[in-house]
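> Here it is, the structure, as structure tokens.
The values are calculated or read from the model by the stated rules, or taken from the named source; none is laboratory data. Computed from a predicted structure; not experimentally measured. Ideal geometry is used to build each Cβ from the backbone, glycine not excepted, and the neighbour counts take in all protein chains shown. Heads up: the accessible areas ignore ligands, DNA and RNA and are worked out on the full protein's heavy atoms, side chains in. Shrake-Rupley method; radii C 1.70, N 1.55, O 1.52, S 1.80 Å.
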Amino acid sequence: MARSKVSPVNGNQKHDSSLQQYNDTDGHFSLVRNFRLADLVTIMNGVCGSFSIFSSAQYLLTNDDDYLLWALGLPLAGLMFDFMDGKVARWRKSSSMLGQELDSLADLVSFGVAPAVVAFAVGLRTYLDTVCLTGFICCGLARLARFNATVALIPKDAAGKSRYFEGLPIPSSLGLVAILSYWVRRGWVEGKQGIPGGLITLWGTPGGRGDIHPVSVVFGLWAAAMVSKTLRVPKL
């Protein structure tokens, strides 16, 4: 959600106003009654990410490539819903703090957890691989939290939109998903032709905790780019 730059006092006033839009009652289904149409679209983003995670798990259980293809394709469907929720909110002229938080949480599932799990399914499964993937998820989480906390402070253009992203936006992880999709098409997965770059042992004996696929470092670098303060990505 883009908001114009405001002073700390005005910012708190706007924040309080947004919070008041949530009608907190003791009645049954009070949360559902607070949902707007845009919020339901946002939840569909989270649904896509969740199904991607389960599809990756099904692939690990069955070794059926169809599940892996679903796991790779569903985050892209999540991106479509991520674009649509903003358009629906503007069309309905209805937005809320609840919607902003839902958007960040859905993005974490679809563009943080789901890509990391599908990378694990493809073959990045050593201890150090999972350290890189965990760092990727946590940096995505931190990046989303920073965005919600600082979006009002980022310079805006004449239309009131932020001029740039601080760090890579988390949907950029679909670039990694595209790379994984290419690997799958070429058979560069665990159990077939193997992960590009092979496996190296940093310490200990092969097969131990010192093993790592060098390409997993790309997830670590991507994570660092997401939380970077100095990297500014212009908004299109």
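> What order, most packed first, do the peptides 125-136, 60-71 have when packing is the mean number of other Cβ atoms within 10 Å of each residue?
Ranked by mean Cβ neighbours within 10 Å, highest first: 125-136, 60-71.
> Count the net charge of all other residues whose Cβ sits under 10 Å from the Cβ of S228, scoring Lys and Arg as +1 and Asp and Glu as -1.
Cβ neighbours under 10 Å give a net charge of +2.
> At 0.36 nm per residue, minus the direct Cα-Cα distance, what do I179 and Y164 gain on full extension? Give it in nm, one decimal, please. Let's see the in-between values first.
Numbers: separation 15, 0.36 × 15 = 5.40 nm, distance 2.52 nm.
Residue separation times 0.36 nm, minus the Cα-Cα distance, leaves 2.9 nm.
> Check which residues have an amide H placed less than 5 Å from R232's amide H, if you skip close sequence neighbours.
Amide H to amide H, under 5 Å and 5 or more residues apart or across chains, R232 pairs with G167.
> Give me the accessible area per residue for region 106-236, probe 1.4 Å, as a whole number in Å².
48 Å²
> Further, regarding this structure: Go through region 199-211 residue by residue and turn each phi into a ³J(HN,Hα) via Karplus (6.51, -1.76, 1.60, θ = phi - 60°); whole Hz please, and just put x for glycine and proline.
Ordered by residue, 3J(HN,Hα) equals 10, 10, 10, 7, 7, x, 9, x, x, x, 6, x, 7 Hz.
> Could you tally the net charge around A77, taking each other residue with its Cβ under 14 Å from the Cβ of A77, Lys/Arg +1 and Asp/Glu -1?
Computed value for this residue: -3.
> Grab the alpha carbons of region 159-236, take their convex hull, and tell me the volume per residue in Å³. Kindly include the intermediate steps, with their values, before the conclusion.
Values: hull volume 8.9 nm³, N = 78.
Considering the Cα atoms of region 159-236, their hull volume per residue is 114 Å³.
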